[in-house]
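Worksheet: one structure, shown below.
No value in this document is a laboratory result; all are computed from the given coordinates. On a predicted model such as this, the values are computed, not experimentally measured, just so you know. Every residue, glycine among them, receives a Cβ derived from its backbone with ideal geometry; neighbour counts consider all protein chains shown.
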Amino acid sequence: MLRKLLKYELLSTGRIFLPLYLALLGVSVILKAFMLIEKSARIYIVPQVLLTVLYIILVIASFALVYIFSCMRFYKNLLGDEGYLMHTLPVKPYKHIFAKLFASILWLIASFIIAAASVIILAYQKGLFEYIFKMINNLMAAVGLSWSQPSVVWTTVAMVALSVASCINGFMMLYASMAVGQLLRGHRIIGSILAYFGFYTASQIISLVMLFVISRTGMWRTLEEGNLGIIGTGAWNPFSAFFTIVTVLYIVYLILYFIITNYMLSRKLSLE
Amino acid sequence: MSQNGNYDAHEIKADELLPVAQQESQGDDGNAAAAAAVPLLECRRLTKRYTGGRDALSDINLKIYGNRIIGLLGPNGSGKTTFIKLICGLLMPTSGEVLVCGMRPGVESKHLVSYLPDRIYLNEWMRVHRLISFFEDFYDNFAPDKAYSMLERLGIDPDAKLKNLSKGTKEKVQLILTMSRRASLYLLDEPIGGVDPASRDFILGTILSNYNPGATVIISTHIISDVERILDDVIFLSNGKIMLAGAADEIREKNGKSIDELFREVFKC
C-alpha cells in the first residue's frame, strides 16, 4: 500500500517539479550559451541579466516549493476535503505519513541534484572537477587532514547524517504541527501555526540546555578554538562527537513528531 | 426480505409521541438467529461533542444487520453527517463506540464500508480513468468494468479532467465509484441533495441496481418523498438523538401516514 500511496503522491507533485526542473536546466543552458557567444557585446547584457534573475528565482523555487508542497499536500490531502477519500482507504495512518515524507525527501534530493547540475552547466570548463578536488585536498592538507584518516571519513559521515536528519526533522515538525492544529476546529491554520511555534520553542529550549551541558565540557573549548586539525586525532574527536550528538537529538525529535502525528491521525482525526 | 430480525433498535429512549419500534420483542426464529450474529453496524452509547458546543450525537444505541435499505432522516444539523463520519473513522467519538462487524473503524472495517461523503473529495488534477485505477489500486472489492459501464451510460468521458467537470458531474462520478465497490455497508450522505429532481430517480436507480446483494445501504437525506419508496427501515434523528427507528411499513401503518408526511409533522418549524 505504501508503494501505491507514494506513486500517487509523486504523480501529483511531479506535475509541478518535473516542469520546474526542466525550466531550470533549460535556463542554465541558454544562459551558458549567452556566456559562450559573446562576452562583450552590450546587446546581450539585458537578456543575460534577466536570465540570471530567472535562474536565481528558479533555484530558490525548486527548494522552497518542496516545503510549500509538503505542507499543502499534507493539509489538503489528509486534513482537507481530500482527506474524506484518503482516510477511508484501507490504509494505516502511518503509511500516509511515510508516503508524504518520502515524496518530500525525494523531491528535496532531486532539487539538490538539479541545482548542482545547473551550476555545473554554467561553470563547466575543461578540468573543472580536477580543480575542485585539488582545491578540497589542498584545504584539507593545510590543516593537516587527509582522506586516509578514518576520523576524517567518520566526521564527514556525521555531517551528512546531521543534514539528512535535520531535513527529515523539518518535514516531520511541519506534519506534527498540522496534525495537532486540526484539533482547533474552525481555526485549523492558526492552530497549526501555534503548534509549530510550540514545537519550535520546545525544541530550541531542549537544544539550548544540551548546548549548555556541552559548553561545560572540554569538548566545547576545542570547538571554539576552531582548530580543524583536531579532527585527525581520532574517530571520536570533538567535531564528530558534536555532529553525532546533534544528529541523535534531531532523530529523537523526529521520532517524537512522528509519534504525535501518527497518534493524531489515528486517534484524534477530526475532519471538518 | 424479512421484515423482522434484521433491525434492532433497543435501548433507544422512546419519544412519547412516537414510540420506537421494538422489533426484538416480536422475535421469531429468524430474529433469534440474527440477534446471535455480529451486527453489521453497532453503536453503543455513541456520543460526539464538538469542542465548546452541544452534543452533535448523544447516547446512540443501535444495531443494524445486513440486507436492508435504511433512511437516515433528519433536518439539517440533526447529526446525520456526524453519525456517518464516526462510522468511517473521520471523527472520533467523545464517548461510547461504533463497531462495524464487531470492529472499531480501522483498516479492516474500511474494506467493508463504501462511503459517499456530502462533499467533493476528488483530486482536481486527476482524470476520471486515473481515479478509477486509484480505486482499483486500493480496494480489492472495486469493479472497474462496472464503473466504466456506468460512466458510459451517463455519458461521462473517462479521459475528462476532474477540474473541468461540473459539480453535478463530479457528484455522479463519486456515486459511481462508491457503488462500484462490492461492499457490505454503503453509507451515502445526501446522495440526492444537490441534484435536480429528474436526476434523483436516476441516482436512486443506480444505487438500487448496483449495490452488493446482501449488503445494507444507509442513505442520509432530508428529501424524503423521493427516497421513501425504496426504504426498508427509517431512523429519525433529531438534535443528535434517535427519535424514531423501525421498519418503514410498520411506521406508516401505525401512524396512518407516509414517512414524508410524518417527517414534515415531526420537524415542523
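Observations
- Working from Cα pairs under 8 Å separated by at least six residues, relative contact order for chain B is 25 percent.
- Efficiency of FRET from Cβ geometry, A:Tyr263 and B:Lys161, R₀ 41 Å, rounded to 0.05: 0.65
- When you count the other C-beta atoms within 10 angstrom of each residue and take the mean per peptide, A:85-94, A:99-108 line up highest first as A:99-108, A:85-94.
- Short-range pairs are left out: with C-alpha atoms under 8 Å and at least six residues apart, the relative contact order of region A:3-126 is 45 percent.
- Distance violations [Cα-Cα > 28 Å] among B:Lys80/B:Lys268; A:Lys4/B:Lys161; B:Lys48/B:Lys254; B:Lys167/B:Lys241; A:Lys100/B:Lys110; A:Lys7/A:Lys92: B:Lys48/B:Lys254; B:Lys167/B:Lys241
- Karplus-derived HN-Hα couplings along region A:224-234 (A = 6.51, B = -1.76, C = 1.60, θ = phi - 60°), whole Hz, x at Gly and Pro: 5, 5, x, 7, 4, x, 4, 4, x, 7, x
- Between B:Ala37 and B:Arg229, the simple spin-label model (points 7 angstrom out along Cα→Cβ) gives 2.9 nm.
- Using every pair of separate Cα atoms, the Kirkwood estimate puts the hydrodynamic radius of the protein assembly as shown at 27.6 angstrom.
- Mean Cβ count within 10 Å, highest first, over the residues of peptides A:233-239, A:174-180, A:129-135: A:174-180, A:233-239, A:129-135
- Per residue Cα convex hull volume in Å³ - calculated over region A:1-106: 94
- Using R0 = 45 Å, the C-beta based FRET efficiency linking B:Ser133 and A:Ser146 works out to 0.25.
- CD proxy at 222 nm, helix term only [per DSSP H run n ≥ 4: -39500 (n - 2.57); per residue of chain B; nearest 500]: -9500 deg cm²/dmol
- In chain A, the calculated helix contribution to ellipticity at 222 nm averages -27500 deg cm²/dmol per residue, counting -39,500 (n - 2.57) for every DSSP H run with n ≥ 4.
- Over chain A, Cα pairs under 8 Å with separation of 6+ residues give a relative contact order of 24 percent.
- Other-chain or far-sequence residues with amide H under 5 Å of B:Ile69's (modelled H): B:Val217, B:Asp232, B:Asp233
- Label sites at B:Lys146 and A:Phe129, each approximated as a point 7 angstrom past Cα along Cα to Cβ, lie 5.7 nm apart.
- Taking the Cα centre of region A:1-124 as reference, the dipole from Cβ charges on Lys and Arg (+1) and Asp and Glu (-1) amounts to some 280 debye.
- Per principal axis, descending, Cα span of chain B in whole Å: 55, 45, 37
- 3J(HN,Hα) along region B:190-205, derived from phi through the Karplus expression 6.51 cos²θ - 1.76 cosθ + 1.60 where θ = phi - 60°, amounts to 6, x, 10, x, x, 10, 5, x, 5, 6, 4, 4, 4, 5, 4, x Hz, with x in place of Gly and Pro.
- Under 18 Å from a label point set 7 Å out along the Cα-to-Cβ vector of A:Ala202, the amide N atoms of region A:146-190 belong to A:169-184, A:190.
- By the Kirkwood approach, averaging reciprocal distances over each pair of separate Cα atoms, chain A gets a hydrodynamic radius of 21.9 Å.
- Projected label points at B:Glu250 and B:Met103, each 7 Å from Cα along the beta carbon direction, are separated by 3.1 nanometres.
- Taking 0.36 nm per residue of separation and subtracting the Cα-Cα distance, full extension of the segment from B:Thr51 to B:Cys269 would add 75.8 nm.
- Under the Debye formula (equal points on every Cα, no solvent term), log10 I(q)/I(0) of region A:144-272 at q = 0.10, 0.13 Å⁻¹: -0.44, -0.64
- The 3J(HN,Hα) values that the Karplus relation (6.51, -1.76, 1.60; θ = phi - 60°) gives for region A:133-143 are, in residue order, 4, 4, 5, 4, 5, 4, 4, 5, 5, 4, 9 Hz. Gly and Pro appear as x.
- Dipole axis of region A:1-124 (+1 Lys, Arg; -1 Asp, Glu on Cβ), positive-most option in A:Ser28, A:Leu11, A:Ile97: A:Ile97
- Toward the positive end of the charge dipole of chain B, with +1 on the Cβ of Lys and Arg and -1 on the Cβ of Asp and Glu, the farthest Cα among B:Asn255, B:Met126, B:Tyr139 is that of B:Met126.
- Two-site FRET efficiency, A:Asn137 against A:Ile193, from Cβ-Cβ distance with R₀ of 56 Å, rounded to 0.05: 0.75
- Dipole magnitude (debye, nearest 20) for chain B, charges at Cβ of Lys, Arg, Asp, Glu: 920
- Taking the Cα centre of the protein assembly as shown as reference, the dipole from Cβ charges on Lys and Arg (+1) and Asp and Glu (-1) amounts to some 2000 debye.
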